[in-house]
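Take a look at the structure below.
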Amino acid sequence: MLKVRGEEKHLTHTQFITFMKLHHREWLNDYLHAKKDDVAAYQSLMRLCQRFTVRHGFSQRIPCFSTERTADLINIRDKFAVDFWAKFKATTPCDIINVDETSIFYDMPPGKTLAVKGGSSKVDKSEKHSDRLTDVLSIRSNGEKLPILFIVKEKPGGIIENNEVPTYPPGDVYVVQENAWMDTRVWEMYLNELLLF
């Protein structure tokens, strides 16, 4: 199993069953005949294969395709790490910060709507898109978590910024931006807040 995946080849439960047919036919026949019918035998054999793979640290995943082999990507990563630490070796771990941002969608519109037979199913433009905010998670390389930055979708200086943001729980950073995106203004505001920590 490890060799097949190490070569980045497909590995499926069906291949396990084929392997059993080729190399352990007698055991497979005994196993299948002990079941009440063919459907139960197939389902039981498939569950056996699934449990076996989980027990050995594998999970069923959707294959992803890359233009680079994993070994090449590991070499690139290792070279980057060497170059990075050569350049920043004097930097203390508390000054190295990993920042990731992700969108949170809420108030999502339904995928379908009721419409009169023969009538239009058109909806207002403002009803087509879910509301969203962006959260920015930061952690120092020494493991210290920094306050979360929440970027709320709203025009700066609007009702949300003036009336709602001041009521949000303390301890994190809240800013508004028209598209809930990280931009230069938002990044500078966040960096200024991080200086306090």
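A compact table of results
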quantity: First in region 1-26 and among the β-branched types (Val, Ile, Thr), second anywhere and modelled with pLDDT under 85 and surrounded by 10 or more Cβ atoms within 10 Å (Cβ to Cβ), Cβ under 6 Å, 6 or more apart; calculated: 4/11
quantity: Region 90-107 residues that are exposed (fewer than 13 other Cβ atoms within 10 Å of the Cβ), paired with ones that are part of a loop (DSSP other than H, G, I, E, B) (beta carbon under 6 Å, 6 or more apart); calculated: 93/141; 93/142; 94/142; 105/130; 107/130
quantity: Answer residue from region 176-188, given it is touching a Lys or Arg at 6+ places or on another chain (Cβ under 8 Å) and aliphatic (A, V, I, L, M) and is nearest to residue 133 (Cα to Cα) among those; calculated: 180
quantity: Residue count, region 154-163 (criterion: under 16 Å from residue 107 (Cβ atoms) and at pLDDT 90 or above); calculated: 0
quantity: Whichever residue in region 44-64 is surrounded by 12 or more Cβ atoms within 10 Å (Cβ to Cβ) and free of Cβ contacts under 8 Å to residues at least 24 places away in the same chain and, among such residues, is farthest from residue 74 (Cα to Cα); calculated: 44
quantity: Residue match in region 180-193 (condition: over 30 Å from residue 84 (Cβ atoms), at pLDDT 80 or above and either assigned by TED's automatic domain parsing to the domain that holds residue 84 or surrounded by 13 or more Cβ atoms within 10 Å (Cβ to Cβ) (or both)); calculated: yes
quantity: Single condition residue 98 does not satisfy, out of (1) at pLDDT 90 or above; (2) farther than 30 Å from residue 153 by Cα; (3) of a type in the set (S, T, N, Q); calculated: (2)
quantity: For residue 141: the one exception among (1) within 17 Å of residue 107 (Cβ to Cβ); (2) surrounded by 10 or more Cβ atoms within 10 Å (Cβ to Cβ); (3) modelled with pLDDT under 90; calculated: (1)
quantity: Residue list for region 167-187, restricted to those being aromatic (Phe, Trp, Tyr) and touching a residue at least 40 places away in the same chain (Cβ under 8 Å); calculated: 181
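The values are calculated or read from the model by the stated rules, or taken from the named source; none is laboratory data. Model, not experiment: these values are computed from the prediction. FYI the Cβ positions are ideal-geometry reconstructions off the backbone, even for glycines, and counts take in every protein chain you see.
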